[in-house]
Amino acid sequence: MHPDNRGVFAEIAAGRADVMVTDDIEAELQARRRPGQLCRTYPGTLTRGEKRILMARDPALQMIVDDWLARAIAASEPAREIERAMQAYVSDNQVP
């Protein structure tokens, strides 16, 4: 158990912790920030969940958002945006 997931990755790299179970984005980010120290042991996600952030409970709006999201995912837009953000963040925040 670790009280703060921001510091647990340094603990794993130092050998004082063994594992961290986290979301897909954080796992990829931390593995990139600490190559040779941290790695993803599972190349994908364990479960799939639909996510909506502060969205009104409106079936018509939900259908519009779901349609837009399905088209964006099919066009790999989220993956490209995540990759762009990862590269920018990692290059700006290299861990010594």
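When residues in the stretch 57-88 are screened for being more than 16 Å from Asp24 (Cβ to Cβ), exposed (fewer than 12 other Cβ atoms within 10 Å of the Cβ) and of a type in the set (D, E, K, R), 5 of them pass. The set of residues from the stretch 34-56 being at pLDDT 85 or above and either surrounded by fewer than 10 Cβ atoms within 10 Å (Cβ to Cβ) or touching an Asp or Glu at 6+ places or on another chain (Cβ under 8 Å) (or both) comprises just one member, Gly36.
The values are calculated or read from the model by the stated rules, or taken from the named source; none is laboratory data. Bear in mind the structure is a predicted one, so any value in this text is a computation, not a measurement. Using ideal geometry, Cβ is built from the backbone for each residue, glycine included, and neighbour counts are taken over all protein chains shown.
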